[in-house]
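Novice: Take a look at this one; I'll ask things after.
The values are calculated or read from the model by the stated rules, or taken from the named source; none is laboratory data. These numbers were taken from a predicted model, which means no experiment stands behind them. Neighbour counts run over all protein chains shown; Cβ positions are idealised from the backbone, glycine included.
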Amino acid sequence: MNALAVPQALVECHELTCAYDGSVAVDDVSMAVRRGDFVGIVGPSGSGKTTLLKAVLGSIPPASGHVHRLQGLTMAYVPQVESVDWNFPVTVLETVIMTRSRNGWWPRTTKDERDHAERVLHRLGLVDVAERHIRELSGGQQQRVFIARALFHRPELLVLDEPTSGVDVRTRHEVLHLLADLHDEGLSIVLTTHDLNGLAAHLPRVVCINKRIIADGAPRDVLTPVVLEKTYGAEMEVLIHGGMPVVLESGADHVARRLSNLTTF
Amino acid sequence: MIATLFEPFGYSFFNNGLAVATLAGALCGLLGVFVVLRGMSYIGHGLSHAVFGGAAASAVVGINYFIGAGIWAVVSGVLIGRIARRRIIGADAAIGVVTTASFAIGLALLNRYGQAKKSIEAVLFGSVLGVQPADIWAVSIVAVLVGLLVIAFYRRLLFATFDPDVAQVTGVKVAWVEALVMMMLSLTILVTMRVIGTLLISALLVIPAATSRMLTNSFARMLWISPVLGAVSGFVGMNASYHLDTSASATVILVAAIGFVVVYAATGLRGRVRVAHVHHI
């Protein structure tokens with residue numbers, strides 16, 4: 001069959017439209033996430049990135065069109081670090097095994113769960129901090145705890161919302177390498193990001209959206225001045241550095257923004 | 001001296017009140033964990049005021065308190081949900097409108113038709129000494145029920161309380177879990193209100209849980225420390241109120257509050273010592 005030629009679609013959106021309170025957030029989007037994909041969804045704030053992600057996960061219903069998920073597909077979701085309540089009383093271990101709630105009801109951690117959690121913690125280099133409160137971790141560790149929680153219930157598709165927003169350069173590299181390793185091990189990944197150069201340009205496939213899909217393909221084909229202007233509504237330049245596109249904001253845009261700031265203050 | 005300490009135990013009304021106050025403390029302490037961690041102390045406050053309206057109405061109409069106030073609480077909950085859905089208003093304002101209106105209806109009804117002052121005071125401040133066997137039964141049954149539900153739903157309650165979005169995606173029916181919390185909360189307020197009173201019940205839903213949060217970084221441990229603190233507050237407060245001749249519910253809350261202040265000071269001090277150690281390195 002053609003299964004070898006085109007990998008199986010895990011999630012397929014057909015002419016998907018999503019709306020909040022009557023205003024359209026995602027408009028007529030058709031795209032597929034296939035087994036082995038590593039996709040970055042990019043676009044400006046309010047472009048519907050997170051909405052599209054939530055529609056893929058099935059946590060918001062489509063206004064029209066539909067989302068088809070492979071029967072029995074296990075998905076795991078890693079929320080934005082900013083959305084986590086860091087004062088909540090849980091340790092790293094308790095956080096990681098939280099997704100076990102689908103396994104049963106017995107409150108105590110079973111031996112199987114503990115063993116599996118230890119493997120995941122070991123894989124992500126978190127064994128030493130397993131008993132710490134989640135607030136007492138470094139930025140990279142905090143991000144990894146939530147990836148560990150997602151991996152704990154053995155997903156086929158990992159979905160991350162802005163995995164590198166608000167983190168420093170070192171943490172960004174750490175997260176990117178970790179995701180690349182997981183992808184090499186066979187995990188399919190979809191993420192959203194603001195970070196064109198630090199993250200999107202490194203991925204095999206990038207989807208630019210601004211409510212509608214503007215472009216979908218390899219970064220070299222997608223991160224072009226024409227596509228970026230359509231996506232962001234601002235002029236951008238693209239250089240090729242080491243075979244990879246590097247996106248620069250155009251100077252005029254910068255100056256204009258500074259001057260408008262000056263007149264307000 | 002010792003004889004004076006044991007003196008109140010000679011009265012059965014006191015023993016009844018003591019049993020209910022201790023149980024109510026444990027029950028409110030347990031549910032308070034969810035109230036505090038979800039940042040919904042205003043819901044506890046609001047619901048207790050709403051139930052007051054139901055209590056007054058059922059007294060006037062002459063139906064059983066638990067049925068009348070129970071129905072009233074459910075209706076208020078649904079109304080709050082409906083009004084809050086209009087985003088422009090928001091949940092906190094919706095709660096404010098519904099519950100204060102409900103409270104006002106209760107007051108007006110009691111003024112117009114009730115035995116007026118005495119029953120109003122009883123509902124506002126509770127009457128631990130007027131506790132009837134039915135109250136002991138009601139609080140005991142709800143305490144056992146809530147305890148069992150928290151154990152049975154522990155995993156889902158933890159996940160949905162910490163991270164509702166991800167819990168939903170992982171297959172936890174978050175709307176159901178939230179309804180369960182609201183139901184346990186309404187039941188708890190219903191059976192403990194006549195004992196502690198409308199005005200002070202929200203304190204018992206917040207203080208023991210807040211104190212236990214300072215004592216531990218573990219959700220599981222909070223779930224037993226907080227009920228223990230609540231029960232101790234109920235027990236000690238009741239005894240103190242007998243000897244000091246103060247309002248029972250007020251004394252229970254004051255004991256809980258003193259516990260909070262002591263732990264706040266002690267953990268603050270410990271934190272400072274830890275910082276000092278770090279500086280020495």
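Novice: When both residues are 6+ apart or on different chains and their Cβ atoms are under 8 Å apart, which pairs have a first residue that lies in the stretch A:76-92 and is more than 8 Å from chain B (Cβ to nearest Cβ), and a second that is part of a loop (DSSP other than H, G, I, E, B) and among the hydrophobic types (A, V, I, L, M, F, W, C)?
Specialist: The qualifying pairs are A:V81/A:V167; A:V92/A:L126; A:V92/A:A130; A:V92/A:L137.
Novice: Can you say whether B:A55 is touching a Ser or Thr at 6+ places or on another chain (Cβ under 7 Å), touching a residue at least 24 places away in the same chain (Cβ under 8 Å) and more than 14 Å from every other protein chain (Cβ to nearest Cβ), as far as the supplied structure shows?
Specialist: Working: touching a Ser or Thr at 6+ places or on another chain (Cβ under 7 Å): no; touching a residue at least 24 places away in the same chain (Cβ under 8 Å): yes; more than 14 Å from every other protein chain (Cβ to nearest Cβ): yes.
No.
Novice: Residues in the stretch A:82-119 that are part of a loop (DSSP other than H, G, I, E, B) and over 24 Å from B:R38 (Cα atoms): how many? Before you say what the answer is, go through the steps one by one.
Specialist: Of the residues in the stretch A:82-119, the ones part of a loop (DSSP other than H, G, I, E, B) are A:84-90, A:103-110.
Right, trim to over 24 Å from B:R38 (Cα atoms) and you get A:103, A:110.
Qualifying residue count for the region: 2.
Quick grid of which residues meet (1) loosely packed, with under 14 Cβ neighbours inside 10 Å; (2) of a type outside the set (D, E, K, R):
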position	(1), (2)
A:W105	yes, yes
A:D115	yes, no
A:L124	no, yes
A:V129	no, yes
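Novice: So in the stretch A:125-144, with the set limited to residues that are hydrophobic (A, V, I, L, M, F, W, C) and either under 15 Å from the mean Cα position of the chain (by Cα) or not in a helix (DSSP H, G or I) (or both), which one is nearest to A:V81 (Cα to Cα)? Working first, answer last.
Specialist: First pass over the stretch A:125-144, keeping only residues hydrophobic (A, V, I, L, M, F, W, C): A:126-127, A:129-130, A:134, A:137.
Adding the requirement that they be either under 15 Å from the mean Cα position of the chain (by Cα) or not in a helix (DSSP H, G or I) (or both) leaves A:126, A:130, A:137.
Working: A:L126: 17, A:A130: 18, A:L137: 13 Å.
Checking each candidate, the answer is A:L137.
Novice: Taking the stretch B:201-226 only, how many residues are more than 11 Å from every other protein chain (Cβ to nearest Cβ), surrounded by fewer than 24 Cβ atoms within 10 Å (Cβ to Cβ) and in contact (Cβ under 8 Å) with a residue 60 or more places away in the chain?
Specialist: The number of residues fulfilling the criteria is 2.
Novice: Return the only residue of B:V144, B:V195, B:V139 being within 29 Å of B:E121 (Cβ to Cβ), modelled with pLDDT of 90 or more and either out of contact with any strand residue (DSSP E or B) (no Cβ under 7 Å at 6 or more places or on another chain) or of a type in the set (F, W, Y) (or both). Please lay out each step first, then the result.
Specialist: On the way: B:V144 fails: within 29 Å of B:E121 (Cβ to Cβ); B:V195 fails: modelled with pLDDT of 90 or more.
Exactly one residue qualifies, and that residue is B:V139.
Novice: B:R194 - would you say it is facing chain A (nearest Cβ under 7 Å) and under 18 Å from the mean Cα position of the chain (by Cα)? Give the steps one after another, and end with the answer.
Specialist: On the way: facing chain A (nearest Cβ under 7 Å): no; under 18 Å from the mean Cα position of the chain (by Cα): yes.
No, not satisfied.
Novice: Here is a further query. Among A:E162, A:E131, which is the only one that is under 27 Å from B:F219 (Cα atoms) and within 14 Å of chain B (Cβ to nearest Cβ)? Can you show your working first?
Specialist: Numbers: A:E162 fails: under 27 Å from B:F219 (Cα atoms).
One residue alone meets the criteria, A:E131.
Novice: Right, something else. From (1) touching a residue at least 24 places away in the same chain (Cβ under 8 Å); (2) at the interface with another protein chain (Cβ under 8 Å from one of its Cβ atoms); (3) more than 21 Å from the chain's Cα centre (by Cα), pick out the condition that doesn't hold for A:S64.
Specialist: (2)
Novice: So which residues in the stretch A:192-201 are in contact with a helix residue (DSSP H, G or I) (Cβ under 6 Å, 6 or more places away or on another chain) and either crowded, with 18+ Cβ neighbours inside 10 Å or part of a helix (DSSP H, G or I) (or both)? Spell out how you get there, then give the answer.
Specialist: Step one: filter the stretch A:192-201 for residues in contact with a helix residue (DSSP H, G or I) (Cβ under 6 Å, 6 or more places away or on another chain), giving A:192-193, A:198, A:201.
Those that are in contact with a helix residue (DSSP H, G or I) (Cβ under 6 Å, 6 or more places away or on another chain) and either crowded, with 18+ Cβ neighbours inside 10 Å or part of a helix (DSSP H, G or I) (or both): A:T192, A:T193, A:A201.
Novice: Only one of these conditions is not met by A:P155: (1) within 13 Å of the chain's Cα centre (by Cα); (2) in contact (Cβ under 8 Å) with a residue 60 or more places away in the chain. Which number is it?
Specialist: (1) is the only condition that A:P155 fails.
Novice: Consider B:V191 carefully, then state whether it is surrounded by 24 or more Cβ atoms within 10 Å (Cβ to Cβ), more than 25 Å from B:V228 (Cα to Cα) and among the aliphatic types (A, V, I, L, M). Give the steps one after another, and end with the answer.
Specialist: On the way: surrounded by 24 or more Cβ atoms within 10 Å (Cβ to Cβ): yes; more than 25 Å from B:V228 (Cα to Cα): no; among the aliphatic types (A, V, I, L, M): yes.
Against the criterion (surrounded by 24 or more Cβ atoms within 10 Å (Cβ to Cβ), more than 25 Å from B:V228 (Cα to Cα) and among the aliphatic types (A, V, I, L, M)), B:V191 does not qualify.
Novice: A further question follows. Out of B:S218, B:S202, B:S127, which single residue is touching a His at 6+ places or on another chain (Cβ under 8 Å) and among the small types (G, A, S)? Break it down stepwise before answering.
Specialist: Working: B:S218 fails: touching a His at 6+ places or on another chain (Cβ under 8 Å); B:S127 fails: touching a His at 6+ places or on another chain (Cβ under 8 Å).
The conditions single out B:S202.
Novice: Restricting to the stretch B:127-153, and then to whatever is within 14 Å of chain A (Cβ to nearest Cβ) and in contact (Cβ under 8 Å) with a residue 24 or more places away in the chain, can you tell me which residue is nearest to B:A21 (Cα to Cα)?
Specialist: Looking only at the stretch B:127-153, we keep the residues that are within 14 Å of chain A (Cβ to nearest Cβ), and these are B:147-153.
Cutting the leftovers down to in contact (Cβ under 8 Å) with a residue 24 or more places away in the chain gives us B:147, B:149-150, B:153.
Numbers: B:G147: 17, B:L149: 21, B:V150: 21, B:F153: 26 Å.
The qualifying residue nearest to B:A21 (Cα to Cα) is B:G147.
One line per residue, one yes/no per condition, for (1) farther than 30 Å from B:F159 by Cβ; (2) outside any helix (DSSP H, G or I); (3) at pLDDT 85 or above; (4) touching a helix residue (DSSP H, G or I) at 6+ places or on another chain (Cβ under 7 Å):
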position: A:A150; (1), (2), (3), (4): no, no, yes, no
position: A:V167; (1), (2), (3), (4): no, yes, no, yes
position: A:L176; (1), (2), (3), (4): no, no, yes, yes
position: A:D181; (1), (2), (3), (4): no, no, yes, no
position: A:G186; (1), (2), (3), (4): no, yes, yes, no
position: A:V190; (1), (2), (3), (4): no, yes, yes, yes
position: A:R220; (1), (2), (3), (4): yes, no, yes, no
position: A:V226; (1), (2), (3), (4): yes, no, yes, no
position: A:P245; (1), (2), (3), (4): yes, yes, yes, yes
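Novice: Residues that are over 26 Å from B:V172 (Cα atoms) and without any contact (Cβ under 8 Å) to a residue 60 or more places away in the chain: does the stretch A:16-31 have at least one?
Specialist: yes
Novice: Further question: Please specify each residue of the stretch B:227-272 satisfying the condition of being away from chain A (no Cβ under 14 Å), in a helix (DSSP H, G or I), surrounded by fewer than 23 Cβ atoms within 10 Å (Cβ to Cβ) and among the hydroxyl-bearing types (S, T, Y).
Specialist: B:Y242, B:Y264
The rows are residues; the columns are (1) more than 17 Å from the chain's Cα centre (by Cα); (2) of a type in the set (K, R); (3) assigned to a loop (DSSP other than H, G, I, E, B); (4) under 27 Å from B:Q132 (Cα atoms).
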site: B:S48; (1), (2), (3), (4): no, no, no, yes
site: B:V51; (1), (2), (3), (4): no, no, no, yes
site: B:A57; (1), (2), (3), (4): yes, no, no, yes
site: B:A73; (1), (2), (3), (4): no, no, no, yes
site: B:R82; (1), (2), (3), (4): yes, yes, no, no
site: B:D92; (1), (2), (3), (4): yes, no, no, no
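Novice: Which condition breaks for A:R123 when tested against (1) at pLDDT below 90; (2) assigned by TED's automatic domain parsing to the domain that holds A:L179?
Specialist: All conditions pass for A:R123, except number (2).
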